Amino acid sequence: MGGGGLLAAGSALAVVAVIVLRYSWGRPGRSGALNGLGWALIAAAVAVGCALAGAWGIAVVSLWAMGAACAILGWEAWQSPRGRERASSRRAHVMPDGRAPLHLGRRLLTFALVVLTGFAAAVCFAIGVRWGAAALGAGEADANVLALLASPIAWTVIVFMLLMTARRRRQLAILAIAAAPALTTFI
């Protein structure tokens, strides 16, 4: 990987871009010219990083830009005046108030459905994806990679759908539909 000096110049360009954007956003009025200049500098820094080292160069330039943004935000947070108001005493209402029942059985069932059974349904979905990919002519390694990719994505979607559904019957239907692709392996 050559061009270390040019990659350093691209990184410096990314830092300057972040400084220009922070200056532009900190002004009382909007400046389209400064915003455009800042974003153009970021695009140029990414282009320099890509031209010199490909994805690695983009990663290096991006890290310098994010580091500059983090440093600027940290400095601004350090310099900001302390708030004079007390922290809110509002509760998140995760636990019931006073002597209300905890409903631990219902909470444990929800945990089991969402986490454990949801994971099992996601694995079943991934098995179905693997079988489908193999049936469509994908190689064994490609089918395995697709299954490994599908499992966490399916689990995320299943968990979201289960947590947004109030009725147990509907939650069970979601789990059954998500697990159904695994049945293709038995046919």
Exercise for review: Take the alpha-carbon centre of segment 43-60, take the same for segment 138-176, and report the distance between them in whole Å.
Suggested key: 36
Study note, to complete from the structure: Here, Val157 and Arg27, labelled 7 Å along Cα→Cβ, have an inter-label distance in nm of 4.5
Point to revise | Gain upon complete extension [Arg99, Ile177; 0.36 nm per residue less C-alpha separation] | key: 24.2 nm
Point to revise | Cα gyration tensor category, rounded, prolate or oblate, for segment 105-185 with a/c compared to 1.5 | key: prolate
Review point. Each label point is 7 Å from the Cα along the Cα-to-Cβ direction; what then is the distance between the points at Ala112 and Ala44, in nm?
Key: 6.3
Study note, to complete from the structure: Cα-based Rg and Dmax for the chain, in Å, come out at 25.8, 69
Point to revise | Sites Val145 and Ala120, calculated FRET efficiency, Cβ-Cβ separation with R0 25 Å, nearest 0.05 | key: 0.75
Exercise for review: Sum -39500 (n - 2.57) across every DSSP H segment of at least 4 residues in the chain, then divide by the residue count to get the 222 nm mean residue ellipticity, nearest 500.
Suggested key: -25000 deg cm²/dmol
Check your understanding: Leu63 to Trp78: extension gain in nm, 0.36 nm per residue of separation minus the Cα-Cα distance?
Key -> 3.2 nm
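Can you give me the % of accessible surface on segment 1-83 that is carbon or sulfur? Probe 1.4 Å, all protein chains present, nothing else counted.
Working: 3920 of 5320 Å².
The nonpolar share, carbon plus sulfur, comes to 74 percent.
The values are calculated or read from the model by the stated rules, or taken from the named source; none is laboratory data. None of the values given here were measured: they were computed from a predicted structure. Heads up, the Cβs are rebuilt from the backbone with ideal geometry, glycines too, and the neighbour counts pull from every protein chain shown. Accessible surface areas use protein heavy atoms only, side chains included; no ligands, DNA or RNA. Shrake-Rupley method; radii C 1.70, N 1.55, O 1.52, S 1.80 Å.
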